[in-house]
Amino acid sequence: MIGILTFYWADDYGALLQAYGLKTYLNKYQETIMIPYYPAALRSRYRLLQCSKQEGGLRNGYGIVRKMLGRRFRSDFVAKCKISRFRRKYLTAAKECLNDSKEIYEFEKQMDIYVVGSDQVWNPDITEGFQEGYFCTFRTLRGEEARYVAYAPSIGSQRLEERYSQQFLELLTNFDVVSLREPSAMPYMKEIYKGKLFAVLDPVFLLEKKEWERLIRTERRIKKDYIAVYYTEYNQAMAEYLQRLEKNTGLHVLILRPMQEDVRWTDNQVYAKGCGLLEFLEWIYYAPYVVTNSFHGTALSVIFHKQFVVFPHSVRNARISDVLEVVGLKKRMAYTGDDVLHIDETIDWKRTDEALKEAVNASKAFIRKEILKKPPED
């Protein structure tokens, strides 16, 4: 039995996509479950109602009531419910949440392979320091009766701050083999880690286009065309680009987010209200144009053959740049809001698919050899 340790719990489209991709692919070959490890330090991240530490109880209570009566809260609540249903159906129906390595060890004694990743499970800036479960520190309890593999986890950048390196190196010794999602982080890893090291693709690429299409309704929700926007942070150049694209095409901007935010990209933007993961996939799939600064927005644009443009992330851009490099689409990265025609440039999808297939096959070969322990396919 294979157990996956990742951000299955996050109300985030990208986190859910990679978790679904990895579990679905591994399940083809061996029973695979999602281990319900949800560190306590991260549990407040996706709460609908957040309390302020600076305000008193009465003021906090008044603010919560106001939020609950607002239209945005209802939309966010619907999206959160849809995401929870997806998680229970496709990832895990477990109601318990494991807190530490000891609880992971006791959870399922039949596990013989532990797979950590994908996602930024090794990025201490977003995980409140290193979380022990994502480094299999329970290996000291299980010993050598199981195998421990890292598949495509991310440190979030090309290298970690020096203050993290020693602890990171010590934690990596728990793995039999390590692979990373970003080739740009490989030089840093080779500096500090002397074990087996590979570069692989994010799990969303392990599934073919037709496998993702099975989750998508065959009939469009809306007949009008639109510009799909999926963002992870505000970008002024991206906002200017969208305003020009909206004006040139006459299409409205549709914002795809599980939780709405007070971010203004264009004057005529519309939120996809109550947008769960399945709706998110559909909105991307049927969009004439996609504009994003998200890795998974980029990945889906490639998988679904969209006319798309990507803007760089201010901090975590390595993985976006790396995947565009792999598929030969570095020109889809935009830096200014001036060139709205860039998105209409023809893409040679045959060449792109061939480049992607080569990288996908290498990732599948890694899984076959290092996780499944099977001989190479002919």
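The values are calculated or read from the model by the stated rules, or taken from the named source; none is laboratory data. Please read these numbers as outputs of a predicted model, since none were measured by experiment. Positions of Cβ are backbone-derived with ideal geometry, glycine not excepted, and every protein chain shown enters the neighbour counts. All accessible areas refer to the heavy atoms of the entire protein, side chains included, with ligands and DNA or RNA removed. Shrake-Rupley method; radii C 1.70, N 1.55, O 1.52, S 1.80 Å.
Please go through the stretch 1-10 and pick out each residue that is out of contact with any strand residue (DSSP E or B) (no Cβ under 9 Å at 6 or more places or on another chain) and either part of a strand (DSSP E or B) or open to solvent by 10 Å² or more (accessible area, probe 1.4 Å) (or both).
7 - this is the single residue of the stretch 1-10 that is out of contact with any strand residue (DSSP E or B) (no Cβ under 9 Å at 6 or more places or on another chain) and either part of a strand (DSSP E or B) or open to solvent by 10 Å² or more (accessible area, probe 1.4 Å) (or both).
Just to verify a result, which residue in the stretch 186-207, among those that are more than 24 Å from residue 360 (Cβ to Cβ) and surrounded by 15 or more Cβ atoms within 10 Å (Cβ to Cβ), is modelled with the highest pLDDT?
Here the residue is 188.
Select from the stretch 89-127 the residues that are in a loop (DSSP other than H, G, I, E, B), of a type in the set (A, V, I, L, M, F, W, C) and within 15 Å of residue 203 (Cβ to Cβ) and list them in ascending order. If you could, list the steps in order and put the result at the bottom.
Pass one, the stretch 89-127, residues in a loop (DSSP other than H, G, I, E, B): 92-97, 99-100, 108-112, 117-127.
Checking the rest, the ones that are also of a type in the set (A, V, I, L, M, F, W, C) come to 93-94, 97, 111, 121-122, 126.
Listed by number, the list holds a single entry, 121.
Which residue pairs have Cβ atoms closer than 6 Å, lie 6 or more positions apart in sequence or on different chains, and pair a first residue in the stretch 133-152 that is closer than 18 Å to residue 19 by Cβ with a second residue that is acidic (Asp, Glu)?
Within 6 Å, the pairs are 149/370; 152/202.
Within the group 297, 274, which residue is open to solvent by less than 10 Å² (accessible area, probe 1.4 Å), more than 20 Å from residue 332 (Cα to Cα), touching a residue at least 12 places away in the same chain (Cβ under 8 Å) and not basic (Lys, Arg)?
274
Would a scan of the stretch 71-91 turn up a residue that is under 19 Å from residue 371 (Cβ atoms) and touching a helix residue (DSSP H, G or I) at 6+ places or on another chain (Cβ under 9 Å)?
So far as the stretch 71-91 goes, yes, one or more of its residues are under 19 Å from residue 371 (Cβ atoms) and touching a helix residue (DSSP H, G or I) at 6+ places or on another chain (Cβ under 9 Å).
Go through 154, 165 for me and flag whichever is over 22 Å from the mean Cα position of the chain (by Cα) and open to solvent by less than 30 Å² (accessible area, probe 1.4 Å).
165
Taking the stretch 175-230 as the region of interest, how many residues are closer than 15 Å to residue 116 by Cβ and of a type in the set (S, T, N, Q)?
Of the residues in that region, 1 qualify.
Can you pull out the residues in the stretch 108-145 that are small (Gly, Ala, Ser), at pLDDT 90 or above and open to solvent by 10 Å² or more (accessible area, probe 1.4 Å)?
Hit for the stretch 108-145 is 129, nothing else.
Which number in (1) more than 15 Å from residue 9 (Cβ to Cβ); (2) at pLDDT 95 or above; (3) surrounded by fewer than 17 Cβ atoms within 10 Å (Cβ to Cβ) marks the one condition that residue 82 misses?
Just one mismatch for residue 82, condition (3).
Does the stretch 160-169 include one or more residues that are in a loop (DSSP other than H, G, I, E, B), aliphatic (A, V, I, L, M) and on the phi > 0 side of the Ramachandran plot?
Looking for residues that are in a loop (DSSP other than H, G, I, E, B), aliphatic (A, V, I, L, M) and on the phi > 0 side of the Ramachandran plot, one finds none in the stretch 160-169, hence no.
Go over the candidates 266, 292 one by one and state the one that is crowded, with 19+ Cβ neighbours inside 10 Å and without any contact (Cβ under 8 Å) to a residue 60 or more places away in the chain.
Step by step, each of 266, 292 is checked, and only 266 is crowded, with 19+ Cβ neighbours inside 10 Å and without any contact (Cβ under 8 Å) to a residue 60 or more places away in the chain.
Output yes when any residue across the stretch 330-352 is under 23 Å from residue 207 (Cβ atoms), open to solvent by less than 30 Å² (accessible area, probe 1.4 Å), in contact with a strand residue (DSSP E or B) (Cβ under 6 Å, 6 or more places away or on another chain) and in a helix (DSSP H, G or I), and no when none is.
yes
Could you identify the single residue in 160, 245 that is surrounded by 15 or more Cβ atoms within 10 Å (Cβ to Cβ) and under 30 Å from residue 358 (Cβ atoms)?
160
So residue 37 ticks every box in (1) modelled with pLDDT of 90 or more; (2) open to solvent by 70 Å² or more (accessible area, probe 1.4 Å); (3) among the aromatic types (Phe, Trp, Tyr) but one. Which box is left unticked?
It is condition (2) that residue 37 fails.
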